[in-house]
Amino acid sequence: MKKSNKGEGNLLLNIIKIVIFLVLISIQLYFAFILLGETADFAKYSSFAFDIIKLCAVLYIIYKNQNPAYKIAWIVLIMFFPIPGILLYILLGNTKLSKSMQKKINNIDKKTEVLLSDKPFDEIKEIDKLRYNQMQYIYKTTGYPVLKNSSVKYFKLGEEYFEEMLKDIEKAEKYILIEYFIISQSTMWNRLFEVLKKKVSNNVKVYIMTDEIGSIFKLPKHFRKKLKEAGIEYSIFNPISPIISSYINYRDHRKITVIDGKVAYTGGINIGDEYINVSHKLGHWKDTGVRVTGEAVWSYTVMFLRMWDLSKTKQELDYKYFMNNKEEKYNYDKGYVMPYCDGPNNQNNPAENTYINMINTAKNYIYITTPYLIVDNETVNSLVNSAKSGVDVRIITPYIPDKTFVHLTTRSFYQVLLEAGVKIYEYKPGFIHSKTFVIDDELAIVGTINLDFRSLYLHYECGLLMYKTGEEIIIKNDFLETEEKCIQINLDTWKKRGFMKKILEALLKAFAPMM
């Protein structure tokens, strides 16, 4: 009996946290309703009072510096459901960080920006001024430089990625940094944990960070306790708070592993059995990632340490400890790589604008894989204009959805793209979770950034831009091989889908920015 209770402890703790959170939020909402109701009673003009409240809320949203599509979705909700809409906007809709949080992030960035060298761009400028301009944009909006003395290896599947990552972790001598949106009870975690415990026993420092919402109800049993017993440092990003705050909406969606400052891994792959096809709930899970070596690894090290500082208030890490001080002689002469990141603190929206820049500058083709296609007008226009200009634009999305309404919302964008000549495919064997862009055999991105509002505006994300590394061709060929396993969406057939489906898609599209 004791064993059973112990086994259920982690789940029970999560349930208690959620219940407390919901109860306290409900109390706050209840008093908000009373306050608004009393205001209406005293005024004796409840209808007029609500109209004024709605008007003020709408004007406030219009005034905010936010994406127009995002504004429209909230305005529609508030016009029809004023009180719930306003309260939800306060909780989830305000995309600007609080002054204290922004100050904290700025202080961390300022403290560490000197650690990121300003690498010369002159070589790229001579090769291609357009690509030079794109990389300058990323550097100026994120602070992460373009690097030459680095190499990249692309993985077509999560299981290939994981096996090589385990081998590199087994070679660790100094430290291992692990940051994932999801870590779940799985064969994948069990294998990883066994290796990590051995490394700690050999005096290797291990730091693990997970997102509270991403991993809640999924973490292995007694996760925190077992990590502590093993000597592993652990941090939860943005824990659930009972106080109403828009910050709950901002999640750490990154997937990063760094080993000794020599090797880094990133991509779409979380820690869970579906990502390595041990589990087949949604059919075959198609995911991708990259292995990075050389100077570019330091950029991922800094990304992790900055996020650790942001989530861990009582423990400051010595960044210099994590530098790879050994004089490595890199003989990498193939192209350039540029790790970069984005988050709600960066109002420049580099993740979205980098994608748009790629779409707008493609000459021959642009191939995209994404689990979700829920984008704003600017991205749609870029895809449409590129296709109408004669560029071969192809997008692969899932055939089997992980979230039904999100999948229907993705499909609500099909018709306008198909009419412009964009080719859309759905991955028939299962779910495609990879996030890849490749254009013209020379430029590619692999990372954690979905083509949806949450990734582009609300999440902390990371990506790797590759230019003339040779991996771009491999990514392109992987896309074409994957395309052969897909069904192509035909425009004439798509137009004939049921009337009710069209109505539902239109409704979901109106609220797409909230997905």
Inset, instruction - Answer yes or no as to whether Y457 is of a type in the set (S, T, Y), within 24 Å of the chain's Cα centre (by Cα) and at pLDDT below 95. - result: yes
Inset, instruction - Considering each of L116, L219, L130 in turn, give the residue that is surrounded by 19 or more Cβ atoms within 10 Å (Cβ to Cβ) and either in contact (Cβ under 8 Å) with a residue 60 or more places away in the chain or among the hydroxyl-bearing types (S, T, Y) (or both). - result: L219
Inset, instruction - Return yes or no: is F181 over 18 Å from E295 (Cα atoms), touching a His at 6+ places or on another chain (Cβ under 8 Å), buried (at least 16 other Cβ atoms within 10 Å of the Cβ) and not hydroxyl-bearing (S, T, Y)? - result: yes
Inset, instruction - Please work out if A351 is of a type in the set (G, A, S), more than 24 Å from I72 (Cβ to Cβ) and assigned to a helix (DSSP H, G or I). - result: no
Legend entry - Filtered residue count, segment 112-140, keeping only those that are at pLDDT 85 or above, assigned to a helix (DSSP H, G or I) and over 20 Å from F304 (Cβ atoms): 14
Legend entry - Scope segment 361-378; condition modelled with pLDDT of 95 or more and of a type in the set (V, I, T); matching residues: T361, I366, I368, T369, T370
Inset, instruction - Determine whether F155 is aromatic (F, W, Y), closer than 29 Å to I248 by Cα and in contact (Cβ under 8 Å) with a residue 60 or more places away in the chain. - result: no
Inset, instruction - Starting from residues that are within 27 Å of the chain's Cα centre (by Cα) and open to solvent by 80 Å² or more (accessible area, probe 1.4 Å), keep the ones in segment 64-83 and report whichever is farthest from T409 (Cα to Cα). - result: N65
Legend entry - Residue among V290, V297 that is crowded, with 17+ Cβ neighbours inside 10 Å, within 18 Å of the chain's Cα centre (by Cα) and modelled with pLDDT of 90 or more: V290
Legend entry - Condition broken by E160, with the remaining ones in (1) open to solvent by 20 Å² or more (accessible area, probe 1.4 Å); (2) without any contact (Cβ under 8 Å) to a residue 24 or more places away in the chain; (3) over 23 Å from the mean Cα position of the chain (by Cα) satisfied: (3)
Inset, instruction - Please enumerate the residues belonging to segment 281-297 that are in contact with a helix residue (DSSP H, G or I) (Cβ under 8 Å, 6 or more places away or on another chain) and over 16 Å from V446 (Cα atoms). - result: K281, L282, W285
Legend entry - Failed condition for Y467, given (1) among the aromatic types (F, W, Y); (2) open to solvent by 10 Å² or more (accessible area, probe 1.4 Å); (3) in contact (Cβ under 8 Å) with a residue 60 or more places away in the chain: (2)
Legend entry - Matching residues, segment 413-429, being of a type outside the set (V, I, T) and part of a loop (DSSP other than H, G, I, E, B): F413, G421, K428, P429
Legend entry - Given (1) free of Cβ contacts under 8 Å to residues at least 12 places away in the same chain; (2) within 21 Å of Q134 (Cα to Cα), number of the condition G390 does not satisfy: (2)
Inset, instruction - Can you tell me which residue among E426, E419, E352 is among the acidic types (D, E), open to solvent by 60 Å² or more (accessible area, probe 1.4 Å) and touching a residue at least 24 places away in the same chain (Cβ under 8 Å)? - result: E419
Inset, instruction - Would you confirm whether any residue within segment 480-489 is open to solvent by 40 Å² or more (accessible area, probe 1.4 Å), at pLDDT 95 or above and closer than 30 Å to M338 by Cα? - result: yes
Legend entry - Matching residues in segment 285-300 - criterion: being out of contact with any Leu (no Cβ under 6 Å at 6 or more places or on another chain) and over 17 Å from G267 (Cβ atoms): G294, W298
Inset, instruction - Identify, from the list E173, E179, E194, E160, the residue that is in contact with a strand residue (DSSP E or B) (Cβ under 6 Å, 6 or more places away or on another chain) and of a type in the set (D, E). - result: E179
Legend entry - Number of the exception - G214 against (1) closer than 25 Å to G261 by Cα; (2) open to solvent by less than 30 Å² (accessible area, probe 1.4 Å); (3) small (G, A, S): (1)
Legend entry - segment 496-511 residues that are over 14 Å from A69 (Cα atoms), paired with ones that are in a loop (DSSP other than H, G, I, E, B) and at pLDDT 80 or above (beta carbon under 6 Å, 6 or more apart): E505/S412
Legend entry - Test result for T410, part of a strand (DSSP E or B) and without any contact (Cβ under 8 Å) to a residue 60 or more places away in the chain: no
Inset, instruction - Identify the single condition in (1) closer than 20 Å to G143 by Cβ; (2) in contact with a Phe, Trp or Tyr (Cβ under 7 Å, 6 or more places away or on another chain); (3) at pLDDT below 95 that G335 does not satisfy, given that it satisfies every other one. - result: (1)
Legend entry - Filtered residue count, segment 184-195, keeping only those that are open to solvent by less than 30 Å² (accessible area, probe 1.4 Å) and either assigned to a strand (DSSP E or B) or not aliphatic (A, V, I, L, M) (or both): 4
Legend entry - strands (runs of 3 or more DSSP E) (entirely within segment 196-284) containing at least 3 residues that are closer than 25 Å to G294 by Cβ: 205-211, 255-259, 263-267
Inset, instruction - Looking only at segment 439-462, decide whether some residue is touching a Leu at 6+ places or on another chain (Cβ under 9 Å), open to solvent by 10 Å² or more (accessible area, probe 1.4 Å) and in a strand (DSSP E or B). - result: yes
Legend entry - Selected residue (criterion: most open to solvent (accessible area, probe 1.4 Å)) from residues of segment 368-400 that are of a type in the set (G, A, S) and part of a loop (DSSP other than H, G, I, E, B): S389
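The values are calculated or read from the model by the stated rules, or taken from the named source; none is laboratory data. Because the structure is a prediction, the values reported are computed rather than measured. Glycine also receives a Cβ, built like all others from the backbone with ideal geometry; neighbour counts cover every protein chain displayed. The area values use the complete protein model at the heavy-atom level, side chains included, leaving out ligands, DNA and RNA. Shrake-Rupley method; radii C 1.70, N 1.55, O 1.52, S 1.80 Å.
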